[in-house]
Amino acid sequence: AQSVTQLGSHVSVSEGALVLLRCNYSSSVPPYLFWYVQYPNQGLQLLLKYTTGATLVKGINGFEAEFKKSETSFHLTKPSAHMSDAAEYFCAVSAPNYGGSQGNLIFGKGTKLSVKP
Amino acid sequence: GAVVSQHPSWVICKSGTSVKIECRSLDFQATTMFWYRQFPKQSLMLMATSNEGSKATYEQGVEKDKFLINHASLTLSTLTVTSAHPEDSSFYICSARGQGEGWGNNQPQHFGDGTRLSIL
């Protein structure tokens, strides 16, 4: 079974400050990990993903995340927050397609990011 | 590329009405589509997974007869909420994974913009 925990339902930073959104996962098999962003009344947009290979993954809009197996973490960071980054962020885990798995995404509860001017 | 269109974006209707929501992949063929439900300030909960040409797989606790899913083509899946009641009011989001994006679950799902359903 897989699960995702996002620490902090709401994170507030100042414009230009470091953004750190935390995600820890639980998985019995090597996971695939994703970060999605959701703006109000919209669907989800993929920011970045980790499957295999390099553990530091770079995504769109200056975001990056590092897969740390020993810590079962996949925290999302951005060096300098912009007002347009204010949104809801979801971490998700999926399993490799062993045994015909559908590849369902298991989402965390989300973290709302506010950016103060 | 990889655009998913969901329609309608907002619907308000009376209790007892059936509502159909469409999910289309505009520039790719989607062998698998997913339907989610999102309550205010909460995460997405998977309702069902549909593969083109076969019956949908519903998650535990989701009523198959209440939420009818049809995935008749590689570009269209529909969710019909039958005899909707106020407790069915929610934000419904579909996603699709393409046929040509590679085998396996490492390929991302592409999401529609969601449908806000309000039952009076």
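The values are calculated or read from the model by the stated rules, or taken from the named source; none is laboratory data. Remember, predicted model here, so these are calculated numbers, not experimental data. So basically every Cβ, Gly included, is an ideal-geometry build from the backbone, and we count neighbours across all protein chains shown.
Computed values, structure above
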{"read-out": "Condition met for A:T77 (surrounded by fewer than 17 Cβ atoms within 10 Å (Cβ to Cβ), in contact with an Asp or Glu (Cβ under 7 Å, 6 or more places away or on another chain) and either within 12 Å of another protein chain (Cβ to nearest Cβ) or touching a residue at least 24 places away in the same chain (Cβ under 8 Å) (or both))", "value": "yes"}
{"read-out": "In region B:27-41, the residues that are in contact with a Gly (Cβ under 9 Å, 6 or more places away or on another chain) and over 16 Å from A:Q45 (Cα atoms)", "value": "B:D27, B:F28, B:Q29, B:A30, B:T31, B:T32, B:K41"}
{"read-out": "Candidate set from region B:48-62 (those that are among the hydrophobic types (A, V, I, L, M, F, W, C) and within 11 Å of chain A (Cβ to nearest Cβ)); member that is nearest to A:P40 (Cα to Cα)", "value": "B:A48"}
{"read-out": "Residue among A:Y50, A:Y39 that alone is within 21 Å of B:F34 (Cα to Cα), within 14 Å of chain B (Cβ to nearest Cβ), hydroxyl-bearing (S, T, Y) and buried (at least 19 other Cβ atoms within 10 Å of the Cβ)", "value": "A:Y50"}
{"read-out": "Members of region B:1-25 found to be of a type outside the set (S, T, N, Q) and part of a strand (DSSP E or B), listed by number", "value": "B:V4, B:H7, B:W10, B:V11, B:I12, B:C13, B:V19, B:K20, B:I21, B:E22, B:C23, B:R24"}
{"read-out": "Unmet requirement for B:T31, which otherwise passes all of (1) touching a helix residue (DSSP H, G or I) at 6+ places or on another chain (Cβ under 7 Å); (2) more than 14 Å from every other protein chain (Cβ to nearest Cβ); (3) at pLDDT below 95", "value": "(2)"}
{"read-out": "Residue in region B:94-102 that is more than 9 Å from chain A (Cβ to nearest Cβ), modelled with pLDDT of 95 or more and surrounded by 19 or more Cβ atoms within 10 Å (Cβ to Cβ) present", "value": "no"}
{"read-out": "All strands (runs of 3 or more DSSP E) inside region A:1-108 with 2 or more residues being not hydroxyl-bearing (S, T, Y)", "value": "A:10-14, A:19-21, A:32-38, A:44-50, A:56-58, A:64-68, A:73-78, A:87-94"}
{"read-out": "Complete set of residues in region B:35-63 that are assigned to a strand (DSSP E or B) and either free of Cβ contacts under 8 Å to residues at least 40 places away in the same chain or in contact with a Lys or Arg (Cβ under 8 Å, 6 or more places away or on another chain) (or both)", "value": "B:L44, B:M45, B:L46, B:M47, B:A48, B:T49, B:S50, B:N51, B:T57, B:Y58"}
